[in-house]
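The values are calculated or read from the model by the stated rules, or taken from the named source; none is laboratory data. On a predicted model such as this, the values are computed, not experimentally measured, just so you know. Counting neighbours? That spans all protein chains shown, and the Cβs are built from the backbone with ideal geometry, glycine included. SASA here: full protein model, heavy atoms, side chains in, ligands and nucleic acids out. Shrake-Rupley method; radii C 1.70, N 1.55, O 1.52, S 1.80 Å.
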Amino acid sequence: MSFKSRFKGLFKTVSTIAVVIGAAVGCSEVNYDMGYDFIPESQRMTLCFDTLSGVKTYLYRYDSVLSSNTGFMFLGRQKDDTFGQRTNSCIVQYLPVAMPYKGGFGIEPIIDSMFLRVEISSYDGDTTVEQKFNVYALNSDADLCYDSLYYANIDVEEYYNADSLLFTFNYSGRGNIATRMEPTALGRELMNKLVRVDTSVYNNDDKFRSNFKGFYITPDQSSPAKAATYQFNLENAYMQLWLRDHDSIDQAKIKDTLTSWYYFYDGKEYKSLSVNAAEYDYAGSTLGALEASTNNFTDTITIQPTIYVQTWGGVVSRLRLPNSLVEQLNQLKYTKDANGNSIENSILINQAMLYVNMSDYVEGNMATVDKMDNAPQRLGSYLNMRTSGTAGYTPAPIPDYMYDLEKSQQMSDEDYVLPYNGYLNRSNGYYELNISSYIQQVMKGTMKQDIILAPSAYDFMGYGQVALDGLTQRPMKLSITYTLIKK
């Protein structure tokens, strides 16, 4: 068999075209100097660039963020003129490490004080502002289970009463230091119970949790609104109970100063629970006006020229690809033969890059740098934000953003990143999203024409919020590379 006959299948006419679809379809040819004139006309590659218009943009709210047993405690309050006020609070259980003595707390122990030590993992806002926090006792009948799933929109009032205040403490971002917890009368009762309970309770975690349900910790309403929210690592968060005991011979004498430690463990290993809660108040902010005009961010009638994305169950955005755009994409399949007759080709999307620009981006401007620092560093693209599964209600991604693969294919020495990308390009102030498979399926009519832009799958509980251009200043741009194959 000759070389030509063995490979003649490779000479099927294929032309590859790259475009950016826009309101006006324009085309600028790229001149390949070396050998380009020898390629048959039907096989030449033509590159075209233009700007996408017509994508409809709306606001959306998704507050069912899984927030139990994360290994972190989120506390604090932050307010922004655009994004409103976010308050983070936490339900947390604690377990003892050991008693001062094998037999307990010595002879006639005297309660002194309780200290809280926390370690900052991350924060958002002004850490120089001191906040007051309240620590409440959980209800004795609080039905909380370590292996159940809880969400950021949890109704915390089901689990504590406002008259069960145990401690207050003040905190700002002063580092990893111990903070004195000021007890109320109920707090004193708790401290006394901790040292006078039967010692068998300390030797059995289930008994301890039955006697000491846990805390609900939240910012006091009198605290400044424009402060900070903190992420504390529970592995390194604990309480210290300070006390003194008496001499066994002369019980009028103080023998020693003692400490008892209590850690905020969570998870199945310890059968303990932590649940983080987030509450938004948009009154007086830019989003507050939009909340009222969009029926609590559910309106898909009024197009929003500027859209927003928040972490922690705040506002996210919905993009709708109109039928006119899909029809325009499908028209790319048709070419003309030498006689001017229309020919329908098969089309393969090689790459479709969606560029989503930050609003009010000014290159080199310090205010812009601050906005980029405060923005989510990656966005995810989803078809549905509430899909039931073994891990609870989790978002369903578009085909290009199968985020589970990033964990399952992660290498030992480096992270595996999907071609989807989704990261913030800080040099140009835009997010770059590879949505090739999604566009291919939309063109086939096998997938709905809506995308929800939200934080990346593993950053819903991180810190970040950003305003994006929908139809203003720098509209979204879709760059498509595709191949036409003659049928």
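I need the full set of residues from the range 294-321 which are touching a Lys or Arg at 6+ places or on another chain (Cβ under 6 Å), open to solvent by 10 Å² or more (accessible area, probe 1.4 Å) and in a loop (DSSP other than H, G, I, E, B), in order please.
303, the sole residue that qualifies.
Inside the range 94-190, counting only strands (runs of 3 or more DSSP E) that do not spill past its ends, which hold 1 or more residues that are touching a His at 6+ places or on another chain (Cβ under 8 Å)?
Per the criteria, 107-117.
Could you check residue 257 against (1) under 30 Å from residue 80 (Cα atoms); (2) in a strand (DSSP E or B) and say which number it fails?
With respect to (1) under 30 Å from residue 80 (Cα atoms); (2) in a strand (DSSP E or B), residue 257 is out only on (1).
This table checks each residue for (1) open to solvent by 10 Å² or more (accessible area, probe 1.4 Å); (2) within 16 Å of residue 69 (Cβ to Cβ); (3) part of a strand (DSSP E or B).
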{"residue": "242", "(1), (2), (3)": "yes, no, yes"}
{"residue": "245", "(1), (2), (3)": "no, no, yes"}
{"residue": "262", "(1), (2), (3)": "no, no, yes"}
{"residue": "283", "(1), (2), (3)": "yes, no, no"}
{"residue": "290", "(1), (2), (3)": "yes, no, no"}
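Restricting to the range 426-468, name every residue that is touching a residue at least 12 places away in the same chain (Cβ under 8 Å) and among the β-branched types (Val, Ile, Thr).
Answer for the range 426-468, where residues must be touching a residue at least 12 places away in the same chain (Cβ under 8 Å) and among the β-branched types (Val, Ile, Thr): 435, 439, 442, 451, 452, 466.
Could you check, for the range 303-319, whether at least one of its residues is closer than 18 Å to residue 469 by Cα and either free of Cβ contacts under 8 Å to residues at least 12 places away in the same chain or charged (D, E, K, R) (or both)?
yes
Being acidic (Asp, Glu) and at pLDDT below 95, is that true of even one residue in the range 220-232?
No, there is no match, as no residue in the range 220-232 is acidic (Asp, Glu) and at pLDDT below 95.
Inside the range 140-166, can you point out the residues that are at pLDDT 95 or above and more than 25 Å from residue 280 (Cα to Cα)?
166
Quickly run through the range 171-194 and pick out the residues that are touching a helix residue (DSSP H, G or I) at 6+ places or on another chain (Cβ under 8 Å) and exposed (fewer than 12 other Cβ atoms within 10 Å of the Cβ).
Of everything in the range 171-194, nothing turns out to be touching a helix residue (DSSP H, G or I) at 6+ places or on another chain (Cβ under 8 Å) and exposed (fewer than 12 other Cβ atoms within 10 Å of the Cβ).
Tell me which residues, restricted to the range 415-440, are open to solvent by 30 Å² or more (accessible area, probe 1.4 Å), in contact with a helix residue (DSSP H, G or I) (Cβ under 8 Å, 6 or more places away or on another chain) and not small (Gly, Ala, Ser).
Selection gives 415, 416, 417, 419, 426.
Could you grab me the full set of residues in the range 469-487 that are of a type in the set (Lys, Arg) and over 15 Å from residue 325 (Cβ atoms)?
Listed by number, the residues that qualify are 474, 486, 487.
Open to solvent by 10 Å² or more (accessible area, probe 1.4 Å) and either modelled with pLDDT of 95 or more or in contact with a strand residue (DSSP E or B) (Cβ under 6 Å, 6 or more places away or on another chain) (or both): is that true of residue 115 in this structure?
Taking the combined requirement at face value, the residue satisfies it.
Check residue 356 against each of (1) open to solvent by 80 Å² or more (accessible area, probe 1.4 Å); (2) assigned to a strand (DSSP E or B); (3) at pLDDT 85 or above and name the one condition it does not meet.
Single failed check for residue 356: (1).
Which of the residues that make up the range 193-224 are over 17 Å from residue 171 (Cα atoms) and small (Gly, Ala, Ser)?
200, 210, 214
Just to verify a result, which residue in the range 123-157, among those that are among the charged types (D, E, K, R) and under 27 Å from residue 462 (Cβ atoms), is surrounded by the fewest Cβ atoms within 10 Å (Cβ to Cβ)?
Filtering first and then ranking leaves 155.
Tell me whether the range 202-217 contains one or more residues that are more than 30 Å from residue 81 (Cα to Cα), assigned to a strand (DSSP E or B), open to solvent by 40 Å² or more (accessible area, probe 1.4 Å) and of a type in the set (A, V, I, L, M, F, W, C).
The answer is no, given that none of the residues of the range 202-217 is more than 30 Å from residue 81 (Cα to Cα), assigned to a strand (DSSP E or B), open to solvent by 40 Å² or more (accessible area, probe 1.4 Å) and of a type in the set (A, V, I, L, M, F, W, C).
For residue 335, which of the numbered conditions (1) exposed (fewer than 12 other Cβ atoms within 10 Å of the Cβ); (2) polar (S, T, N, Q); (3) touching a strand residue (DSSP E or B) at 6+ places or on another chain (Cβ under 9 Å) fails to hold?
Against the list (1) exposed (fewer than 12 other Cβ atoms within 10 Å of the Cβ); (2) polar (S, T, N, Q); (3) touching a strand residue (DSSP E or B) at 6+ places or on another chain (Cβ under 9 Å), residue 335 comes up short only on (1).
Within the set of pairs 6+ apart or on separate chains, which have a first residue in the range 338-361 that is under 16 Å from residue 476 (Cβ atoms), a second that is assigned to a loop (DSSP other than H, G, I, E, B), and C-beta atoms under 6 Å apart?
Once the first residue is under 16 Å from residue 476 (Cβ atoms) and sits in the range 338-361, its partners that are assigned to a loop (DSSP other than H, G, I, E, B) give 352/435; 354/435; 356/476; 357/474; 358/429; 361/429.
Could you grab the pairs with beta carbons closer than 9 Å, sequence gap of 6+ or different chains, first residue in the range 104-132 and closer than 16 Å to residue 240 by Cα, second one of a type in the set (Phe, Trp, Tyr) and open to solvent by 60 Å² or more (accessible area, probe 1.4 Å)?
Within 9 Å, the pairs are 111/242; 112/242; 113/242; 114/242; 115/242.
Any chance the range 368-375 includes a residue that's open to solvent by less than 30 Å² (accessible area, probe 1.4 Å) and either among the small types (Gly, Ala, Ser) or in contact with a Cys (Cβ under 7 Å, 6 or more places away or on another chain) (or both)?
Within the range 368-375, one or more residues are open to solvent by less than 30 Å² (accessible area, probe 1.4 Å) and either among the small types (Gly, Ala, Ser) or in contact with a Cys (Cβ under 7 Å, 6 or more places away or on another chain) (or both).
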